[in-house]
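These notes concern the structure reproduced below.
What follows draws every value from the coordinates through simple rules; no lab data is involved. Bear in mind that the values here come from a model prediction, so they are computed numbers and not experimental data. Note: ideal-geometry Cβ built from the backbone for every residue, glycine included; neighbour counts use all protein chains shown.
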Amino acid sequence: MEDMISKIVDMDKKARDITDEAIKSKIDYEQQIIITKEKIKNDYLERAKKRIEINRQTARKKADERLKLLKEKNEAIIQKLERAYSENGDEWVDGIVSRVVGQ
C-alpha cells in the first residue's frame, strides 16, 4: 500500500513539475511576444520617422524650386513694368494729368 502511495506522490510531483514547467514556458513565451511586439513597433516607428523626414525634405525642395520660379517670374514682370514705365511714363503722367484737369 505504501508503495502505491509513494507512486501516487511521485506521479503528483512529476505532474506539478510538468505544470510548473509549462507555466514557466508560457510566461517566457509571453515575454518574448511582448519584446518582439515592442521591437516591431519601434522598427515601424523608426521607418515611419525616416519616411516622414524624406518626404519633408522632398516637399521642402519642391517648395524652394517653386518659390525660385515664382521669384524669377515676378522679377521678369517687374523689369517689364519698369521698362514700360521708363518708355511711356511721361506720356502716362501727361495723360492722367490731362484727364484729372479736364483738358
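Show that you can apply the helix-only estimate: for the chain, add -39,500 (n - 2.57) for every DSSP H stretch of four or more residues, divide by all residues, and state [θ] at 222 nm to the nearest 500. Working shown, then result.
Values: 1 runs with 100 residues, N = 103.
Taking each H run of at least 4 residues, the total per residue is -37500 deg cm²/dmol.
Of [x] 1.63; [y] 1.86; [z] 0.93, which is the value of Rg/Rh (Cα atoms, Kirkwood Rh) derived from the coordinates here?
Step by step, Rg/Rh (Cα atoms, Kirkwood Rh) for this structure corresponds to label [y].
Give the separation of the Cα centroids, the range 71-103 to the range 18-57, in Å.
So the separation of the two Cα centres works out to 70 Å.
Taking the Cβ of K50 as the centre, find all other residues whose Cβ is under 13 Å away and add up their charges (Lys, Arg: +1; Asp, Glu: -1).
Values: positive: R47, K49, R51, R56; negative: D43, E46, E53.
For residues surrounding K50, the net value is +1.
Using only the alpha-carbon atoms, how far is helix 2-101 inclined from the longest principal axis of the chain? Give it as 0 to 90 degrees, nearest 10.
In the chain, helix 2-101 runs at an angle near 0 degrees to the longest axis.
Projecting each Cα onto the charge dipole of the chain (Lys/Arg +1, Asp/Glu -1 at the beta carbon, about the Cα centre), which of M11, V97, S25 comes out farthest on the positive side?
The one lying farthest along the dipole's positive direction is V97.
What does the extension gain come out to for D90 and A22, with contour length at 0.36 nm per residue minus their alpha carbon separation? Intermediate values should be presented prior to the final figure.
Details: separation 68, 0.36 × 68 = 24.48 nm, distance 9.97 nm.
Gain in length upon complete extension: 14.5 nm.
Over 15 Å apart: what share of the alpha carbon pairs of the range 16-76 falls there, rounded to a whole percent? Walk me through the numbers on the way to the answer.
On the way: 1324 of 1830 pairs.
Here the long-distance tail beyond 15 Å is 72 percent of all Cα pairs in the range 16-76.
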